[in-house]
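J.: Below you'll find the structure I mean.
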Amino acid sequence: MLKTSLNGVWNLQIIGKDSALVPKEGISAKIPGSVYGALLEKELIPDPFYRDNELKVLPLMENDFCYTTDFEVTNQMLACDALLLRFDGIDTLADICLNGEQIGCAYNMHRIWEINLLETGSIREGNNQLKVVLHSPTKYIKEENEKVAVQGSQDAMEGFPHLRKAHCMFGWDWGPRLPDAGIFRDVTLLGIKKSRLDSVYITQIHEAGQVTLDFDITLELFCNRESGLFGDGGKVRITVTDPDGQVVAAEDTAGEEQDYKLTVKNPRLWWPHGYGDQPLYQVRVSLLDGDDSELDVWERKIGLRTMTVNTDKDEWGSCFAHEVNGVKIFAMGADYIPEDNLLDRVNKERTRRLLEDAAMANHNCIRVWGGGYYPDDFFFDICDELGLIVWQDFMYACASYELNDAFEANITRETIDNVRRIRHHACLGLWCGNNEIETQIEMWKVSEKQKYDYIKLYEYIIPKIIKEEDPNAFYWPSSPSSGGNFENSWSEDHGDMHYWDVWHGNKPFTEYRKFHFRYLSEFGFQSFPGLKTVESFTEPEDRNIFSRVMEMHQRNRAANGKILNYLSAIYLYPKDFDHLLYASQLLQADAIRYGVEHFRRYRGRCMGTVVWQLNDIWPVASWASIDYYGRWKALHYAEKKMFAPVMISCEEIGELSERPFCIQEPAPIEKSARLHVANETMQEVTGTVTWSLRKPDSSILKEGSCQITVPALDGVWLEKMDFGAYEEREIHLEYSFCVDGRVVSQNTCLFTAPKHYFFANPNLRCERKGDKIVVYADAYAKNVEIIGTDGDLWLSDNFFDMEAGERIVSIIRGDAKSVTCRSVVDIA
């Protein structure tokens, strides 16, 4: 196969009311790329993320845009049996023209588009001009919605479900309205002789001491079947290479067989992060002509594993757990949204950093949310390497769709394209039909036809394609769901759940302890990003959480006030803007910690805690644990501890559980604690639990220790401890779990809100010593944050509690040479 990349520098012009924004002859623009990206690079528009510039650049999308490039065609190309022009991603509505003649169109961002140029009559030897005219997405959705109104998220532009484009580009409750346009993935010319590999599907058959790989290979012929490929002695060659580079299985097969089997002896199995290694085998399928020349090659890395979701009935209802190689996995991770509104800013290096940071915080899974776009191949490659199980939504979210013949044909091809592209990945844990539409259809007053269309799309069309294209994969109709057909989709006892009473429902953090969801695929709490990130999009006069700019960078309606309301229950009113940002992050971390620790204590009944959300699409106040610039919030550091394979936690009873939101009543409260050690490893763990009840100056009032053995994939409760004799404002509990003399998990807890605790002055100091930072305290210090004053730092631990003494943390990366630190006592 001849492959010619058409990536590179194209010409971009604006067609419409803003055509004068660029010179008449246009500007140079890189492909893959986007309109906003090109204009921003040429400094023709302001930074859309700065202050309220979003409002200035949004109207540009009412124009059309024209990309053009020239390319050369040789005699060798014209002699091929097919010459395909392939677009791996066009965003979104496009007319495609060659040498002045329209040869095709595109209308789905999520599809691959191919045109056989030899069939157009427009291709010629020598120079050819390719033109792609992109049409206004905002005009289109407005016009279509006037014809047929559809329902969708109120945070997005009206009519967005009419266009198969990342929904969140039209706005969401964490993202701006910046529906960019462009050619965001590769453009390639493919010269095909005789045939190509249309589809390669591998079924793994696991037996004792071996894995048989059953290949289902489909060819697309561009020549006469009788006198073509196999009549000339063509064949298929398959090789499997192990992680050490040794060929462990190979086969050459002549003739038109579609099924081939190879056996791998003594297989090295792929496991999720924290459960084992992630060995990857290289599979190469070559389509050969009679002279052994390669006509086409399919080459991928696969992991040898079984993967499904266990939904067996049990004493509480039915299980919902990822099951890998026969082992039920407790999912710990976060929901992933698009990394940027400007898609040309997303690249392999940026995505790798984000996913490595997730793994570093002990995530073992990631849910790709259905309101964005299907990630690039490198996203899944990296998840394979890191052992992150991927929950993959199809790209439907919080919307109803007009299901007609054209829409059905469009999304059928979209589904096939993406299932074939993604299905071989070891990391793929399940396919999910949509985000939150089943539950919203129940809430919306929809017609019977809309209900019928919902069932047809998510419970017939898509699963039928999955059965044909990825029959070994698990399919789930919606998230949340109990299994579909609108049957109790908010059930605590079946399927997955999105729980938002903490945050949207204004419930206290302790509310999590009332529930035992089977798998929590969304729950979250907002915070502001740190000061450096806020400074990137504000002027000094904007740095008030109720300023216009700060509210522009908060899309969950009046959520800045909600943060302040929650803060009032836990902390003293912050003394300045910076400490308000800091306190908001402590709130976020504590809210999620309450939930995760509780659900991990009930492993077996609950089998998943996937936090909303991992990342941001722009600099904003949000639920993310990592902000737009990759800076870890307090939550991400907390997740590293709460998602640790072995974790000690405390179910305390005190002011926050007895008096939610710290309602003061002249009555005694219970003060007790019960420790629990969770073991999410494949081996039993024996170690020592140590605890001490301390005063604010870190002096010990009471202490104890015991040795315990925690079975693999299980947990152990310790006896409840009663501290009712002590004043809640003057005590805190420090606890840890040590294995072989090494602390593997530790934390502290209060029995009152931090704002009521009688903190002693810890007199915090810190200094950098090479790749380490040493923190000193004279008394108990809560939520110690180390800050680089002249740059950024990513640390082995941060926002931690410490007793009087010193704590040493390692620098993972960062350029800051000077450091300072603070704790809760510094907030007010």
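The values are calculated or read from the model by the stated rules, or taken from the named source; none is laboratory data. In this text the structure is predicted, and so the values were computed from the model without any measurement. All Cβ positions, even for glycine, are placed from backbone atoms using ideal geometry, and neighbour counts span all protein chains on display.
J.: Which strands (runs of 3 or more DSSP E) does the range 666-755 wholly contain that include 3 or more residues that are over 36 Å from the mean Cα position of the chain (by Cα)? Outline the logic, then answer.
T.: Numbers: elements: 672-679, 685-694, 700-710, 714-717, 732-739, 742-750.
Passing ranges, in order: 685-694, 700-710.
The rows are residues; the columns are (1) closer than 20 Å to Pro508 by Cα; (2) assigned to a helix (DSSP H, G or I); (3) over 23 Å from the mean Cα position of the chain (by Cα).
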{"position": "Val549", "(1), (2), (3)": "no, yes, yes"}
{"position": "Gln554", "(1), (2), (3)": "no, no, no"}
{"position": "Gln585", "(1), (2), (3)": "yes, yes, no"}
{"position": "Phe599", "(1), (2), (3)": "yes, yes, no"}
{"position": "Val610", "(1), (2), (3)": "yes, no, no"}
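J.: Any idea which of Gln613, Gln588 is crowded, with 21+ Cβ neighbours inside 10 Å, within 21 Å of Ser657 (Cβ to Cβ) and out of contact with any His (no Cβ under 8 Å at 6 or more places or on another chain)? Full working, then the answer.
T.: Details: Gln613 fails: within 21 Å of Ser657 (Cβ to Cβ).
Exactly one of Gln613, Gln588 is crowded, with 21+ Cβ neighbours inside 10 Å, within 21 Å of Ser657 (Cβ to Cβ) and out of contact with any His (no Cβ under 8 Å at 6 or more places or on another chain), namely Gln588.
J.: Condition first: within 26 Å of Glu658 (Cβ to Cβ) and buried (at least 22 other Cβ atoms within 10 Å of the Cβ). Now tell me which residues in the range 551-569 satisfy that.
T.: Ile563, Tyr566
J.: Given the condition of a type in the set (Val, Ile, Thr) and under 30 Å from Ser622 (Cβ atoms), answer yes or no: does some residue in the range 458-465 qualify?
T.: Residues of the range 458-465 of a type in the set (Val, Ile, Thr): 461-462, 465.
Subsequent filtering for residues that are under 30 Å from Ser622 (Cβ atoms) retains 462.
Taking every residue of the range 458-465 in turn, at least one turns out to be of a type in the set (Val, Ile, Thr) and under 30 Å from Ser622 (Cβ atoms).
J.: Something else now. Which of the residues that make up the range 137-173 are in a loop (DSSP other than H, G, I, E, B) and out of contact with any strand residue (DSSP E or B) (no Cβ under 6 Å at 6 or more places or on another chain)? Break it down stepwise before answering.
T.: Step one: filter the range 137-173 for residues in a loop (DSSP other than H, G, I, E, B), giving 148-151, 153-159, 163, 165-166, 173.
The answer is Val148, Ala149, Val150, Gln151, Ser153, Gln154, Glu158, Gly159, Leu163, Lys165, Ala166, Asp173.
J.: Being farther than 21 Å from Trp500 by Cβ, modelled with pLDDT of 95 or more and in a loop (DSSP other than H, G, I, E, B) is true for just one of Leu580, Leu572, Leu614. Which residue is that? If you could, list the steps in order and put the result at the bottom.
T.: Values: Leu580 fails: in a loop (DSSP other than H, G, I, E, B); Leu614 fails: farther than 21 Å from Trp500 by Cβ.
Answer to the check: Leu572.
J.: Next question. In the range 35-50, is there at least one residue being touching a Pro at 6+ places or on another chain (Cβ under 8 Å) and loosely packed, with under 15 Cβ neighbours inside 10 Å? Please lay out each step first, then the result.
T.: Kept after step one, since they are touching a Pro at 6+ places or on another chain (Cβ under 8 Å), are these residues of the range 35-50: 36, 40, 48-49.
Cutting the leftovers down to loosely packed, with under 15 Cβ neighbours inside 10 Å gives us none.
The answer is no, given that none of the residues of the range 35-50 is touching a Pro at 6+ places or on another chain (Cβ under 8 Å) and loosely packed, with under 15 Cβ neighbours inside 10 Å.
Per-residue answers, yes or no, for (1) surrounded by fewer than 20 Cβ atoms within 10 Å (Cβ to Cβ); (2) in contact with a Phe, Trp or Tyr (Cβ under 6 Å, 6 or more places away or on another chain); (3) of a type outside the set (Lys, Arg):
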| site | (1), (2), (3) |
| --- | --- |
| Arg300 | yes, no, no |
| Glu315 | yes, no, yes |
| Pro338 | no, no, yes |
| Asn364 | no, no, yes |
| Arg367 | no, yes, no |
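One line per residue, one yes/no per condition, for (1) crowded, with 22+ Cβ neighbours inside 10 Å; (2) out of contact with any Lys or Arg (no Cβ under 8 Å at 6 or more places or on another chain); (3) of a type in the set (A, V, I, L, M, F, W, C):
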site: Cys606; (1), (2), (3): yes, no, yes
site: Ala644; (1), (2), (3): no, yes, yes
site: Met647; (1), (2), (3): yes, no, yes
site: Ser692; (1), (2), (3): no, no, no
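J.: Of the numbered conditions (1) free of Cβ contacts under 8 Å to residues at least 40 places away in the same chain; (2) touching a Pro at 6+ places or on another chain (Cβ under 9 Å), Asp576 satisfies every one except a single condition; which is it?
T.: That leaves (2) as the condition not met.
J.: So, in the range 241-291, of the ones that are out of contact with any Lys or Arg (no Cβ under 9 Å at 6 or more places or on another chain) and hydroxyl-bearing (Ser, Thr, Tyr), which residue ends up surrounded by the fewest Cβ atoms within 10 Å (Cβ to Cβ)?
T.: Thr263
J.: Those residues that are surrounded by fewer than 15 Cβ atoms within 10 Å (Cβ to Cβ) and within 39 Å of the chain's Cα centre (by Cα), I need them from the range 757-773; list them, please.
T.: Taking the range 757-773 and keeping what is surrounded by fewer than 15 Cβ atoms within 10 Å (Cβ to Cβ), we get 758, 761, 763, 765, 767, 769-772.
If the condition is that a residue be surrounded by fewer than 15 Cβ atoms within 10 Å (Cβ to Cβ) and within 39 Å of the chain's Cα centre (by Cα), then Arg765, Glu767, Lys769, Gly770, Asp771, Lys772 are the ones that fit.
J.: Also, quick follow-up: Going through the range 132-153 one residue at a time, which ones are free of Cβ contacts under 8 Å to residues at least 40 places away in the same chain and either touching a helix residue (DSSP H, G or I) at 6+ places or on another chain (Cβ under 8 Å) or not assigned by TED's automatic domain parsing to the domain that holds Asn108 (or both)?
T.: As a first pass, look at the range 132-153 and keep what is free of Cβ contacts under 8 Å to residues at least 40 places away in the same chain: 141-147, 149.
Listed by number, the residues that qualify are Ile141, Glu144, Asn145.
J.: Look through Glu442, Glu438, Glu414, Glu468 and report the one residue that is assigned to a helix (DSSP H, G or I), crowded, with 24+ Cβ neighbours inside 10 Å and either outside the structural domain of Lys165 (by TED's automatic domain parsing) or not aromatic (Phe, Trp, Tyr) (or both).
T.: Values: Glu442 fails: crowded, with 24+ Cβ neighbours inside 10 Å; Glu414 fails: crowded, with 24+ Cβ neighbours inside 10 Å; Glu468 fails: crowded, with 24+ Cβ neighbours inside 10 Å.
Of the residues listed, the single one that is assigned to a helix (DSSP H, G or I), crowded, with 24+ Cβ neighbours inside 10 Å and either outside the structural domain of Lys165 (by TED's automatic domain parsing) or not aromatic (Phe, Trp, Tyr) (or both) is Glu438.
Per-residue answers, yes or no, for (1) at pLDDT 95 or above; (2) in contact with an Asp or Glu (Cβ under 7 Å, 6 or more places away or on another chain); (3) buried (at least 20 other Cβ atoms within 10 Å of the Cβ); (4) among the aromatic types (Phe, Trp, Tyr):
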site: Arg86; (1), (2), (3), (4): yes, yes, no, no
site: Thr92; (1), (2), (3), (4): yes, no, yes, no
site: Asp95; (1), (2), (3), (4): yes, no, no, no
site: Ala106; (1), (2), (3), (4): yes, no, yes, no
site: Leu130; (1), (2), (3), (4): yes, no, yes, no
site: Asn145; (1), (2), (3), (4): yes, yes, no, no
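J.: What do you reckon, is Phe486 over 20 Å from Lys451 (Cβ atoms), surrounded by fewer than 18 Cβ atoms within 10 Å (Cβ to Cβ) and either of a type in the set (A, V, I, L, M, F, W, C) or modelled with pLDDT of 95 or more (or both)?
T.: Numbers: over 20 Å from Lys451 (Cβ atoms): no; surrounded by fewer than 18 Cβ atoms within 10 Å (Cβ to Cβ): yes; either of a type in the set (A, V, I, L, M, F, W, C) or modelled with pLDDT of 95 or more (or both): yes.
Against the criterion (over 20 Å from Lys451 (Cβ atoms), surrounded by fewer than 18 Cβ atoms within 10 Å (Cβ to Cβ) and either of a type in the set (A, V, I, L, M, F, W, C) or modelled with pLDDT of 95 or more (or both)), Phe486 does not qualify.
J.: Pick out the one residue from Ser536, Ser491 that is closer than 21 Å to Ala559 by Cβ, surrounded by fewer than 23 Cβ atoms within 10 Å (Cβ to Cβ) and of a type in the set (Gly, Ala, Ser).
T.: Details: Ser491 fails: closer than 21 Å to Ala559 by Cβ.
So the residue among Ser536, Ser491 that is closer than 21 Å to Ala559 by Cβ, surrounded by fewer than 23 Cβ atoms within 10 Å (Cβ to Cβ) and of a type in the set (Gly, Ala, Ser) is Ser536.
J.: Which residues, counting only those in the range 445-461, are touching a Phe, Trp or Tyr at 6+ places or on another chain (Cβ under 9 Å) and either under 22 Å from Thr311 (Cβ atoms) or not in a helix (DSSP H, G or I) (or both)?
T.: Pass one, the range 445-461, residues touching a Phe, Trp or Tyr at 6+ places or on another chain (Cβ under 9 Å): 446, 450-451, 453-455, 457-458.
Across the range 445-461, the qualifying residues are Val446, Tyr454, Ile455, Leu457, Tyr458.
J.: Right, another one. Hey, Trp500 hits all of (1) assigned to a loop (DSSP other than H, G, I, E, B); (2) crowded, with 17+ Cβ neighbours inside 10 Å but one; which does it fall short on?
T.: (2)
J.: Looking at (1) assigned to a loop (DSSP other than H, G, I, E, B); (2) under 30 Å from the mean Cα position of the chain (by Cα), which one does Gly245 not meet, given that it meets all the others?
T.: Just one mismatch for Gly245, condition (2).
J.: Of everything in the range 255-276, what is in a loop (DSSP other than H, G, I, E, B) and over 13 Å from Asp242 (Cβ atoms)? Give them in sequence order. Show your work before the answer.
T.: In the first step, residues of the range 255-276 are kept if they are in a loop (DSSP other than H, G, I, E, B); the result is 255-258, 266-268, 270-276.
Gly255, Glu256, Glu257, Gln258, Trp271, Pro272, His273, Gly274, Tyr275, Gly276, listed by residue number.
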